[in-house]
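The values are calculated or read from the model by the stated rules, or taken from the named source; none is laboratory data. Bear in mind the structure is a predicted one, so any value in this text is a computation, not a measurement. Using ideal geometry, Cβ is built from the backbone for each residue, glycine included, and neighbour counts are taken over all protein chains shown. Ligands, DNA and RNA are excluded from the accessible area calculation, which covers all protein heavy atoms including side chains. Shrake-Rupley method; radii C 1.70, N 1.55, O 1.52, S 1.80 Å.
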Amino acid sequence: MMIQASGIRKSFGTLEVLKGVDFTVEPGQVVSIMGASGAGKTTLLQILGTLLTPDAGSLIVDGTDVLQLGSRELSAFRNRRIGFVFQAHHLLPEFSALENVMIPALIGGASAKEAREKAMDLLKKVGLEARSGHKPSQLSGGEQQRVAIGRALVNSPAILFADEPTGNLDTHTKAEIHQLFFQLRDALGQTIVIVTHDPDLAVLCDRTCHMKDGLFI
């Protein structure tokens, strides 16, 4: 099992956002999480991705009991084993597409040569090899999101988490990015968990889980 979450609870003040969520994902699955705003989707995604700590419950990610790790160990685990793609791409404007993809590999201890090779290979996979020298301002929204996906994958993570990854894109570009997730799964065996409001994306996934009021229904 790639993710095994049990009894996950999370409150912010008096507001109980997650009320004992159970969730599992098999290796190589693409799973979508849907639900109205405020259902708890993003909070759950942040807990699964080790960005937030639950108030209660257990969480095994890629065979590691992540809730038992210290902050330094957890940070290292996250950098090595988890990739994130958000609605806003968060690319660094002063760096090229290639450099943006390289950065997490360099942080992870790769040599400049190794990071460059991995980054260029991923830009090929996401169809942006010819745009590798362009800065974000010279790229379309869809191209910027492809760079962000490449960056999320550069350390060969066990799991890619995506939070509304096509929320800012037009219909045609959305469809291209949706297909890209499945191409990457087929090429890399990538496990992917996607929070989305988009039924066109959800219907493509191996499994869709619906959240309401802090629980799956």
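Points to keep in mind about this one:
- Within the accessible area of the chain (1.4 Å probe), percent carbon and sulfur: 50
- Length released on extending from Thr24 to Ser11, taking residue separation times 0.36 nm less the Cα-Cα span: 2.5 nm
- Violating pairs (Cα-Cα greater than 18 angstrom) within the set Lys19/Lys212; Lys118/Lys174; Lys174/Lys212; Lys113/Lys135: Lys118/Lys174; Lys174/Lys212; Lys113/Lys135
- Calculated FRET value between Ala112 and Ser75, using beta carbons and R₀ = 22 Å, to 0.05: 0.50
- Per residue solvent-accessible surface (Å²) - segment 84-217, probe of 1.4 Å: 46
- Farthest positive-ward along segment 37-142 dipole, Cα basis, beta-carbon charges - from Ile47, Ile82, Gly142: Gly142
- Among the GluC sites (Glu not before Pro) found in segment 94-133, those both in a DSSP coil and sparsely packed, with 10 or fewer other Cβ atoms within 10 Å of their Cβ, are Glu94.
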